[in-house]
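These notes are about the structure you will find just below.
Just so you know, all these numbers are worked out from the coordinates, no wet-lab data involved. None of the values given here were measured: they were computed from a predicted structure. Cβ sites come from the backbone with ideal geometry, for glycine too, and all protein chains shown count toward neighbours.
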Ligand code: KIV
Ligand code: ZN
């Protein structure tokens, strides 16, 4: 059975870049856009053109540069924003305007001091206006996560009639539980006329640590685009992380989904974005953290050395990591010590291993990690005493 394509919409340069301290200049944005295009994402959200002349210029330059992906610009639901986006996107081979408005009671009442009927009109007017400039118009219903399903369905049906090609259902505040978000997508699939002619998109925030789980739940219930960022950066606690959603879909082959992303470029891309944004990745971050392929407890190390798959569900080379690491600490066992000693040229008999292990532990207890130089020193101190052979 052929796999269904899940479109990857990268918003590192828009939702990611709006994070304090992550601001990029045009040159950096171009570098990242080029890399994202090479990585194989389907859509690059390049920025919010009306927000500043710098962002306008970046979207324009990215539009000239990108060869394969659709280039998208964000707008609010008004003519000036849409005109600015249309202008900035003019050089793009595949331009998309991403327009929308808040649809939850809270947004309608407090942000817009409006009512549902007026918001519905503004939404359709924005989509119709954007359609004058580009064929591909994505509509976002901001705070869809806290919008009643019935009203959301009315808005979606109306914007489809106005020509929207993609419907973005953002869980803007990261509040939804995965099954709730999935049910919302299913509800739209079952209750909106014309829904099968458009792509439903998940845009999930990570305020409760559920952004990736929610996006996956959206996909399992009918969404075919995921909005995400490299390293999961984005407003507040961030967005669905691109590397996580891509690898979930890849590793769970039985789900029968595929993406256009070349997963072997994920680690390098993560580093490049982190370096340019000055936003470093936590060591235990799934897929791209420095500990993602590091084994440090004796039990895990022993299992891993016997067979990698006992403790690894992803082959490191599949995400561009050279090899997994066996970290030596006071929690490491003999198997790890023998393995690492062999890597630097020392072959230990069982008796020699017992002898060196005692010395190793007293050293390791005094340090967080026993590094390669430390190991050399331990082995050299023991070599003559125990008659250890070099390989
Ligand atoms: O989180 C959100 O709702 C957004 C929209 C502007 C798409 O980022
Ligand atoms: Zn967002």
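As a footprinting exposure proxy, order 327, 287, 44 by other Cβ within 10 Å, with the fewest listed first.
Details: 327 18, 287 24, 44 33.
Ascending Cβ contact count within 10 Å gives the list 327, 287, 44.
Can you sort 210, 381, 390 so the residue with the fewest Cβ neighbours within 10 Å comes first?
Numbers: 210 22, 381 13, 390 9.
Ascending number of Cβ neighbours within 10 Å: 390, 381, 210.
Pairs of alpha-carbon atoms within less than 8 angstrom and 6+ residues apart define the contacts here; what relative contact order does the chain have, in percent? Kindly include the intermediate steps, with their values, before the conclusion.
Values: 787 pairs, mean separation 52.3, N = 391.
RCO, the chain: 13 percent.
Once the Cα atoms of helix 53-65 and of the chain are each reduced to a long axis, what angle between those two axes, in degrees from 0 to 90 to the nearest 10, is obtained?
80
Å³ per residue of the Cα convex hull, for the chain? Present the calculation step by step, with values, prior to reporting the outcome.
Details: hull volume 60.2 nm³, N = 391.
Convex hull volume per residue, Cα atoms: 154 Å³.
How much of the DSSP bridge set in the chain is antiparallel, in percent, rounded to the nearest 5? It would help to have the intermediate numbers written out before the result.
Working: 4 of 42 bridges.
Looking only at bridges with both residues in the chain, the antiparallel portion is about 10 percent.
Zone of residue 344 (label point 7 Å along Cα→Cβ, backbone N under 13 Å): which residues in segment 289-325?
It comes to no residues whatsoever.
At q = 0.11, 0.12, 0.15, 0.19 Å⁻¹, what is the log10 ratio I(q)/I(0) for segment 37-156, with the Debye formula run over Cα points and no solvent?
-0.38, -0.45, -0.66, -0.94
If you fit an axis through the alpha-carbon atoms of helix 178-191 and take the longest principal axis of the Cα set of the chain, what angle between them do you get, 0 to 90°, nearest 10?
Result, in degrees: 30.
In what order do 227, 142 fall by count of nearby beta-carbon atoms within 10 Å, going from fewest to most?
Numbers: 227 33, 142 21.
So the residues, fewest neighbours to most, are 142, 227.
What relative contact order, as a whole-number percentage, does segment 246-327 give when Cα pairs under 8 Å and 6 or more residues apart are counted? Could you put the intermediate results ahead of the total?
On the way: 78 pairs, mean separation 24.7, N = 82.
Relative CO of segment 246-327 lands at 30 percent.
Could you work out how far helix 242-251 tilts from the main Cα principal axis of the chain, as a 0 to 90 degree angle to the nearest 10?
70
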